[in-house]
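The values are calculated or read from the model by the stated rules, or taken from the named source; none is laboratory data. It should be emphasised that the depicted structure is a prediction, and the values quoted were computed from it without experimental measurement. Ideal geometry is used to build each Cβ from the backbone, glycine not excepted, and the neighbour counts take in all protein chains shown.
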Amino acid sequence: MSNAHREKLIVALSSVGAAIALTSLKLIVALLTGSLGILAEAAHSGLDLVAALMTLFAIRVADRPADKTHNYGHSKIENLSAFFEAGLLMLTACWIIYEAVSRLISHQDLLDVSIWAFVVMLTSIAVDATRSRALLRVARKLGSQALEADALHFRTDIWSSSVVIAGLLIVYLTNIFHLPSWLKQADAVAALVVSLIVILISSRLARDTIDALLDRAPVELLDQWKESISRLPGVTEVRRIRIRRAGNKFFADVIITAPRTYSFEQTHELTERVERATMEQTRAVTQHGDIDVVVHVEPAISPEETVVEQIHYLAERQGVHAHDIHVREVGEKLEADFDIEVQEDMDLHTAHDVATRLEDAVLQSNHRLRRVTTHLEAPNNRVVQRQDVTVQYRNMANDICHIADEIAGPGSAHDVHLYRSLFATADLKASQAAARVPLDLVLHATFDAQAHLSQVHIWAEEIKRALRRAYPQLESITIHTEPPEQ
């Protein structure tokens, strides 16, 4: 049993004990004095006892975890318990009103005011005040709606007991000072006031419980959620928020739109920000309310979306990858050309159809574009077998560094690696291999740390062209650009 659940049970059990004591005491004094006001209070306390027992039962059941048949947990039992409490209180209040009106009409004087009547009512107020504070403290600490309703009952008892004391006091003073006889009906009037208080509180409680049972959404919380979520970076629109409450737990589903160019990781991070925002807003309304939020994200065009991002997104939708994208502004129109990677075993006719569909989609997505040109590429996804032959080609490696340094600066090129296929002829001389056997090159080059990346790319491409002129047998050239070491 958790500490929170244990604390709720202890305070609920203490309320049951207090309700038993007060009901018994009021009933005995009411029968001895004939006070209809005290009898009304006894009935009220009796129903408080029933309510306390229902609250105890509801708390024991409500804290059970969700299971196969109750996916949202068992917290609704608290709302159902409160609804029955309100019904019982209203029935009792109606009976007290009937009795009070009958006594007022018949002018019956069955009241025997004694010191015990005042003692029991003052004791009732003291117990009610103590229990109300204890219940309210735990209810607010743990967010228990059932305990909060129980605390409300005890606070109601304080006011109703005060009204009964006033009625008894008026009757007592009437007997001592021989005041007008109609003042002796103050007890019945006090019973009417108590009943009206009970009906008022019960109707409010019934309304709240019915709202919870019918899943009425908290409008203020909805507005706060929508405003908070809409301010989050990446959220382009809040399309729908639905909230239902069970006990102190909120269940919600939120539908938002986000830029369609977001990656899966970015979208997931956005949903977590939405969850944190809803948690903070709910904590501002109810400090201990628990929240279960499901966030659904729908892709949408963002006002900040660039042409390059549009091309990337549309290409991925068609199952191809676009890269090396160039966008030009010619007059008042735009032109774009880029490379797309298709399956390497695809024939030209099929690949051209894929490229044409992508070009049409790009043109339709942006009316400023008037021309789109694509270059087909077949990516090599195979793992090739190679051996490092840098030692055998040491002179070639030194010459490669010299060529790179002429463009990037002295000492720039380093960490050179040359690779040859495992299936190349092993008995070729180095000079023959250098001229005939295809090689792969990996080269590291150092550039100014403050240089723009676009300029570094130009230098790297210039190095590649120079190396291919010097060594046409180089199949692939990879240049790793880096700033100087600190």
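For (1) in the same structural domain as residue 227 (by TED's automatic domain parsing); (2) surrounded by 15 or more Cβ atoms within 10 Å (Cβ to Cβ), each residue gets a yes or a no:
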site: 268; (1), (2): yes, no
site: 272; (1), (2): yes, no
site: 276; (1), (2): yes, no
site: 280; (1), (2): yes, no
site: 315; (1), (2): no, yes
site: 330; (1), (2): no, no
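Please enumerate the residues belonging to region 450-481 that are of a type in the set (A, V, I, L, M, F, W, C) and either over 17 Å from residue 416 (Cα atoms) or modelled with pLDDT under 90 (or both).
Kept after step one, since they are of a type in the set (A, V, I, L, M, F, W, C), are these residues of region 450-481: 451, 453, 456, 458-460, 463, 466-467, 470, 474, 477, 479.
Hits for region 450-481 are 451, 453, 456, 458, 459.
Among 80, 27, 39, which is the only one that is more than 17 Å from residue 118 (Cα to Cα) and surrounded by fewer than 24 Cβ atoms within 10 Å (Cβ to Cβ)?
Values: 27 fails: more than 17 Å from residue 118 (Cα to Cα); 39 fails: more than 17 Å from residue 118 (Cα to Cα).
One residue alone meets the criteria, 80.
Just checking, how many residues over region 66-88 are in contact with a Gly (Cβ under 7 Å, 6 or more places away or on another chain), of a type outside the set (S, T, N, Q) and farther than 16 Å from residue 207 by Cα?
Qualifying residue count, region 66-88: 1.
Check whether at least one residue in region 296-307 is more than 28 Å from residue 226 (Cα to Cα), at pLDDT 90 or above and either assigned by TED's automatic domain parsing to the domain that holds residue 226 or surrounded by 13 or more Cβ atoms within 10 Å (Cβ to Cβ) (or both), and report yes or no. Spell out how you get there, then give the answer.
Filtering region 296-307 down to residues more than 28 Å from residue 226 (Cα to Cα) leaves 307.
Now narrow it down to the ones that are at pLDDT 90 or above: 307.
In the following step, the residues that additionally are either assigned by TED's automatic domain parsing to the domain that holds residue 226 or surrounded by 13 or more Cβ atoms within 10 Å (Cβ to Cβ) (or both) were identified as 307.
Within region 296-307 (the criterion being more than 28 Å from residue 226 (Cα to Cα), at pLDDT 90 or above and either assigned by TED's automatic domain parsing to the domain that holds residue 226 or surrounded by 13 or more Cβ atoms within 10 Å (Cβ to Cβ) (or both)), the answer is yes, since at least one residue qualifies.
Take the conditions more than 47 Å from the chain's Cα centre (by Cα), at pLDDT below 90 and either loosely packed, with under 11 Cβ neighbours inside 10 Å or hydroxyl-bearing (Ser, Thr, Tyr) (or both) and apply them to residue 425. Does it pass?
Numbers: more than 47 Å from the chain's Cα centre (by Cα): yes; at pLDDT below 90: yes; either loosely packed, with under 11 Cβ neighbours inside 10 Å or hydroxyl-bearing (Ser, Thr, Tyr) (or both): yes.
Criteria met by residue 425.
In the set 242, 283, which member is among the charged types (D, E, K, R) and touching a helix residue (DSSP H, G or I) at 6+ places or on another chain (Cβ under 9 Å)?
Working: 283 fails: touching a helix residue (DSSP H, G or I) at 6+ places or on another chain (Cβ under 9 Å).
242 is the lone residue from the list that is among the charged types (D, E, K, R) and touching a helix residue (DSSP H, G or I) at 6+ places or on another chain (Cβ under 9 Å).
So which residues in region 442-463 are assigned to a helix (DSSP H, G or I) and either buried (at least 18 other Cβ atoms within 10 Å of the Cβ) or in contact with a Gly (Cβ under 6 Å, 6 or more places away or on another chain) (or both), if there are any at all? Don't jump to the end; show me each part of the working.
The first filter runs over region 442-463 and keeps only residues assigned to a helix (DSSP H, G or I), leaving 453-463.
Of everything in region 442-463, those that are assigned to a helix (DSSP H, G or I) and either buried (at least 18 other Cβ atoms within 10 Å of the Cβ) or in contact with a Gly (Cβ under 6 Å, 6 or more places away or on another chain) (or both) turn out to be 456, 459, 460, 463.
Take region 43-73 and flag every residue that is surrounded by fewer than 19 Cβ atoms within 10 Å (Cβ to Cβ) and in contact (Cβ under 8 Å) with a residue 60 or more places away in the chain.
Taking region 43-73 first, the residues surrounded by fewer than 19 Cβ atoms within 10 Å (Cβ to Cβ) are 50, 53, 57, 60-61, 64-72.
72, the sole residue that qualifies.
Please tell me if residue 376 is surrounded by 15 or more Cβ atoms within 10 Å (Cβ to Cβ), in contact with a Lys or Arg (Cβ under 9 Å, 6 or more places away or on another chain) and farther than 23 Å from residue 472 by Cα.
No; evaluated as a whole, the condition is false for this residue.
Quick grid of which residues meet (1) surrounded by fewer than 14 Cβ atoms within 10 Å (Cβ to Cβ); (2) modelled with pLDDT under 85; (3) of a type in the set (A, V, I, L, M, F, W, C); (4) outside any helix (DSSP H, G or I):
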position: 185; (1), (2), (3), (4): no, yes, no, no
position: 204; (1), (2), (3), (4): yes, yes, no, no
position: 211; (1), (2), (3), (4): no, yes, no, no
position: 221; (1), (2), (3), (4): no, yes, yes, no
position: 227; (1), (2), (3), (4): yes, no, no, no
position: 233; (1), (2), (3), (4): yes, no, no, yes
position: 241; (1), (2), (3), (4): no, no, yes, yes
position: 254; (1), (2), (3), (4): no, no, yes, yes
position: 257; (1), (2), (3), (4): no, no, no, yes
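Which pairs have Cβ atoms under 6 Å, sit 6 or more apart or on different chains, and link a residue in region 313-326 that is over 11 Å from residue 354 (Cα atoms) to one that is part of a helix (DSSP H, G or I)?
314/361; 314/362; 322/311; 322/312; 322/315; 325/308; 325/311
Looking at residue 196, is it without any contact (Cβ under 8 Å) to a residue 24 or more places away in the chain and either surrounded by fewer than 18 Cβ atoms within 10 Å (Cβ to Cβ) or not aliphatic (A, V, I, L, M) (or both)? Walk me through how you get there before you give the answer.
Working: without any contact (Cβ under 8 Å) to a residue 24 or more places away in the chain: no; either surrounded by fewer than 18 Cβ atoms within 10 Å (Cβ to Cβ) or not aliphatic (A, V, I, L, M) (or both): yes.
Answer is no for this residue.
Condition first: over 22 Å from residue 53 (Cα atoms), modelled with pLDDT under 75 and in a helix (DSSP H, G or I). Can you find one or more residues in region 140-161 that meet it? Quick ask: steps written out before the conclusion?
Initial filter on region 140-161 (over 22 Å from residue 53 (Cα atoms)): 159.
Remaining after also requiring modelled with pLDDT under 75: 159.
Narrowing further to those that are in a helix (DSSP H, G or I): 159.
Yes - at least one qualifying residue is present in region 140-161.
Listed residues 269, 237, 265; which is in contact (Cβ under 8 Å) with a residue 24 or more places away in the chain and at negative phi? Quick ask: steps written out before the conclusion?
Details: 269 fails: in contact (Cβ under 8 Å) with a residue 24 or more places away in the chain; 265 fails: in contact (Cβ under 8 Å) with a residue 24 or more places away in the chain.
Answer to the selection: 237.
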